[in-house]
Amino acid sequence: MTEYRQHQFVVPPDATEIVLARHGASEPARPGELFPTLDGHGDPALAPEGRAQAELICARLRDEQVDAVFVTGLRRTLETAAPLGREMIEVPELREVFLGDWEGGPFRIQVAKGDPLAMRVIAEERWDLIPGAETGESLAARVKTGIDKVVAATGAGKVAVVFVHGGIIGEVCRQATNSRPFAFVHSDNCSITRLVRFADGRWLLRSFNDTSHLDSA
């Protein structure tokens with residue numbers, strides 16, 4: 001009798017696997033102090049716990065196929081990727097959501113305080129409610145450009161590891177699944193999210209917010 005067994009998924013040879021690695025925990029925000037900036041984006045370094053997380057995620061990735069490594073140019077992605085010991089390609093289009101008047105730390109503080117505008121941003125799933133923040137349309141366009149660069153630089157049948165930010169992971173997953181804007185913005189520091197980009201442009205979201213490598217942290 002012919003039998004048809006279940007098999008593990010295999011990435012097709014004409015597709016590219018994209019591993020989104022969120023950066024480690026960054027320095028705490030403090031009232032009255034702003035993080036340094038890079039091209040307008042808040043640019044904190046990793047906190048001590050973030051550096052420990054970086055060691056753990058890179059230890060896991062060293063045991064996997066990694067054909068190209070990408071960072072956004074912001075320090076927290078560079079410092080998270082550093083223990084991997086690989087050449088890094090910068091993709092500035094994948095820097096974190098620009099938060100306008102709340103860039104550089106205030107957004108984190110306002111969310112923690114339950115500020116009414118911060119709660120509206122979350123409830124209405126719109127970054128541009130913050131004065132000066134970028135629109136969803138602007139974010140979507142630059143993230144698509146950035147991911148297209150990653151796919152082109154990595155090539156078919158290969159694996160890209162992209163060290164990015166929580167808002168960017170959320171936007172990539174939104175584009176992949178046609179979800180609500182904020183459905184995937186809650187990834188943890190140094191989590192892993194896996195997607196496949198097919199040759200015809202279709203997406204497959206394989207896993208989201210995998211933190212099993214952090215269990216010993």
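Structure data summary
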quantity	calculated
Kirkwood hydrodynamic radius of segment 2-53, from inverse mean 1/r over distinct Cα pairs, in Å	15.4 Å
Fully extended contour minus Cα-Cα distance, from E55 to V10, at 0.36 nm per residue	13.4 nm
Span per principal axis, largest first, for the Cα atoms of the chain (Å)	70, 34, 31
Straight-distance crosslink candidates among aspartates and glutamates, where the alpha carbon sits under 19 Å from K149 and sequence neighbours closer than 8 are dropped	D14, E17, D67, E87, E90, E93, E96, E137, E171, D200
Dimensionless Rg ratio for segment 1-99, taking C-alpha atoms and the 2.2 N^0.38 Å reference	1.43
Whole-Å semi-axes of the ellipsoid equivalent to segment 121-217 (Cα gyration tensor, √5λ, descending)	23, 19, 12
Where D101, D63, D128, D188 fall by accessible area, highest first, once all protein chains stay in place (1.4 Å)	D63, D101, D188, D128
Within the chain, helix-based [θ] at 222 nm, where runs of 4 or more DSSP H residues each add -39,500 (n - 2.57), nearest 500	-10000 deg cm²/dmol
Electrostatic dipole magnitude of segment 88-191 [Cβ: Lys, Arg +1; Asp, Glu -1; Cα centre; debye, to 20]	260 debye
Relative contact order [Cα under 8 Å, 6+ residues apart], segment 12-70, whole percent	32 percent
Share of alpha-carbon pairs per 5 Å distance bin for segment 64-138, given as whole %	3, 14, 20, 17, 13, 13, 11, 7, 2
Net length gained if the chain between L204 and V66 were fully extended (0.36 nm per residue, minus Cα distance)	47.8 nm
Segment 44-117: relative contact order as a whole-number percent, Cα under 8 Å and 6+ apart	30 percent
Computed magnitude of the charge dipole of segment 32-112 (debye, nearest 20; Cβ of K, R +1, Cβ of D, E -1)	220 debye
Stretchable slack from R180 to I89, in nm (0.36 nm times residue separation minus alpha-carbon distance)	29.8 nm
Mean separation of Cα contacts under 8 Å (6+ apart) over length of the chain, as relative contact order %	30 percent
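The values are calculated or read from the model by the stated rules, or taken from the named source; none is laboratory data. Because the structure is predicted, anything quoted here is derived from the model rather than measured. Glycine also receives a Cβ, built like all others from the backbone with ideal geometry; neighbour counts cover every protein chain displayed. For accessibility, only protein heavy atoms count, side chains too; no ligands or nucleic acids. Shrake-Rupley method; radii C 1.70, N 1.55, O 1.52, S 1.80 Å.
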